[in-house]
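Data first, discussion second: the structure below is written as structure tokens.
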Amino acid sequence: MFNNVQEGLYRFDENNHLQKALVKEDPKISEDQLTYTFKLREGAKWSNGDPVTAKDFEYGWRRMCDPKTGAGGAYFFDYVIKNAHQVIYEKAPVDSLGVKALDDYTLEVSLAYPVPYFLDLLADPLYFPHNQKAVEKFGDKFGSSSETMVYNGPFVLKNWTGSTAEWAYEKNPDYWDKDNVHVDKVNIQVVKEDATAVNLFELGKLDWLQLRGEYSKQYAKNPCFVSVPQKASMYLTMNQTDKSLLKNKNLRLAIAYAFDRKQLTERVLGDGSIPLGTLTPPDFVKTADGKDYIEGVQNKHEKNPELAKEFLQKAKAELGKDKFKLEYLAVDDESSKLVAEYLQGQIQETLPDVQITIKTVPSKSLFPTLKKGEFDMARTGWGPDFFDPITFLNLFEGKSKYNDGKYTNAAFDQLVHRSKIEDAKDKDLRMKDMQEAESIFLKEAGAPTLYAKALATLHKPHMKKFFIDPLTGQQTYKFIELEK
């Protein structure tokens, strides 16, 4: 939603290239790579008539990091913007945050450490500006409906209450780049039943929809079928707390090598997802010599029954057990159940002494259950925040709040830290740090890998340049052109 109605300094275009948005020229970067100075476009407006200024960024970023706001996205600033960590944890005042409006159209940003992917971060909605007048006017209701927001993006939101099943995006007449927005209105409809959505598409009442479950395979040969690769990695989060059997590395490794990922993506999912043997997906980022980052990652996961059995024998000896019973926690939707049943069958076929039972829960209960540690294993995943492997590796640092399985390894943590701090200025060194860290993670089966996600869609061919952000999965309407 946000990238259609709001805008920051940068955005990704329909070819997935970073382009200037509210910034009018390349920033000035200090020699130590810690200070960025941005010049903003003049003439950009909010929908309430206010100009978009550097003050809106200063206010917005401070608001995101202010503990009083309690913003879940504050982590995106932590160890990136100078003093963000101290501000977030109430060890420094909010006005000490490293962002300053030098004048209406000049923004100075100070970083905690050099961040090679910093400009990519600025395309994320968490780094968008906030209109102080609107925030103060609407108070606690700010952002709860289309009427309690102001907009500076290509569209304005209409008829959204926070729970409505239908709403619309209308072209913003005050948008600075309105001449390059080619559709006047986009109507959104939430259709709960997949069969109903497909029927509406076939009747010509929908131009686009996402397919799920069996419909992905059923419509794979339809001329309107489009599989949209995403950069999200899916994996098995395993409980590695002291009381869990899966704290044992060799038991995790036995499972990691027990199932066929290619068969999973082709026969079960059928949506264009691809097998994944690493934590970072393929073609995500290249090293300085132009090679795919994952070429330098060792210990990739793939089906190897003999190796799986060897690891299981080691686990039996270490744990003093001959048989293992484990519970697989799955969301109670069709696709999740199919994946769970496939993995259950493959693991038990390869490792008869490992019995898997499946427990289903509503989607809203999955992550609270993981946080409580009341599980053995579950399929989870991560959609990256920016194009750098650190977005995946960060998840599994010992201190990470997203490390639901409680994986811990001091050498892994040290390499991740080094890539972000000591080696941050040297692309070659930091890439090697991350490759080594990921290799350690895979060697220990910190989270056995599954697949890189794709979206199966039906897409009317007259709608050109419809873009789904591979990072956020958000639909972007700015670039759409309708063929007559």
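The values are calculated or read from the model by the stated rules, or taken from the named source; none is laboratory data. Computed from a prediction, not measured in an experiment: that's the story for all the values here. Virtual Cβ from ideal backbone geometry, glycine too; neighbours counted across all protein chains shown.
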Checked LYS464, LYS432 against criteria (in the same structural domain as PHE12 (by TED's automatic domain parsing) and charged (D, E, K, R)); the one match is LYS464
Between ASP177, ASP194, which is within 30 Å of ASN48 (Cβ to Cβ) and either among the charged types (D, E, K, R) or surrounded by fewer than 17 Cβ atoms within 10 Å (Cβ to Cβ) (or both)? ASP177
Could you grab me the full set of residues in the stretch 274-322 that are part of a loop (DSSP other than H, G, I, E, B), surrounded by fewer than 14 Cβ atoms within 10 Å (Cβ to Cβ) and among the small types (Gly, Ala, Ser)? ALA288, GLY290, GLY320
Could you list, in sequence order, all residues of the stretch 334-358 that are over 30 Å from LEU211 (Cα atoms) and either among the hydroxyl-bearing types (Ser, Thr, Tyr) or at pLDDT below 95 (or both)? THR350
Among the residues of the stretch 186-205, which ones are touching a residue at least 60 places away in the same chain (Cβ under 8 Å) and aliphatic (A, V, I, L, M)? VAL186, VAL198
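Picking from ASP140, ASP56, ASP66, ASP50, which residue would you name as being in contact (Cβ under 8 Å) with a residue 12 or more places away in the chain, more than 21 Å from the chain's Cα centre (by Cα) and more than 20 Å from GLU7 (Cβ to Cβ)?
Numbers: ASP140 fails: in contact (Cβ under 8 Å) with a residue 12 or more places away in the chain; ASP56 fails: more than 20 Å from GLU7 (Cβ to Cβ); ASP50 fails: more than 20 Å from GLU7 (Cβ to Cβ).
Just a single option satisfies the conditions, and that option is ASP66.
So, in the stretch 51-93, of the ones that are assigned to a loop (DSSP other than H, G, I, E, B) and of a type in the set (D, E, K, R), which residue ends up surrounded by the most Cβ atoms within 10 Å (Cβ to Cβ)?
Quick first cut of the stretch 51-93, residues assigned to a loop (DSSP other than H, G, I, E, B) only: 52-53, 66-71, 77-80, 82-83, 89-93.
Next, only the ones that are of a type in the set (D, E, K, R) stay: 66, 68, 78, 82, 90-91.
On the way: ASP66: 17, LYS68: 8, ASP78: 15, LYS82: 21, GLU90: 11, LYS91: 10.
Filtering the stretch 51-93 for residues that are assigned to a loop (DSSP other than H, G, I, E, B) and of a type in the set (D, E, K, R), the one surrounded by the most Cβ atoms within 10 Å (Cβ to Cβ) comes out as LYS82.
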So ASP353, is it touching a residue at least 60 places away in the same chain (Cβ under 8 Å) and either of a type in the set (Asp, Glu) or touching an Asp or Glu at 6+ places or on another chain (Cβ under 7 Å) (or both): no
Scope the stretch 246-265; condition closer than 19 Å to THR380 by Cβ, in contact (Cβ under 8 Å) with a residue 12 or more places away in the chain and surrounded by fewer than 24 Cβ atoms within 10 Å (Cβ to Cβ); matching residues: LEU246, ARG261, LEU264, THR265
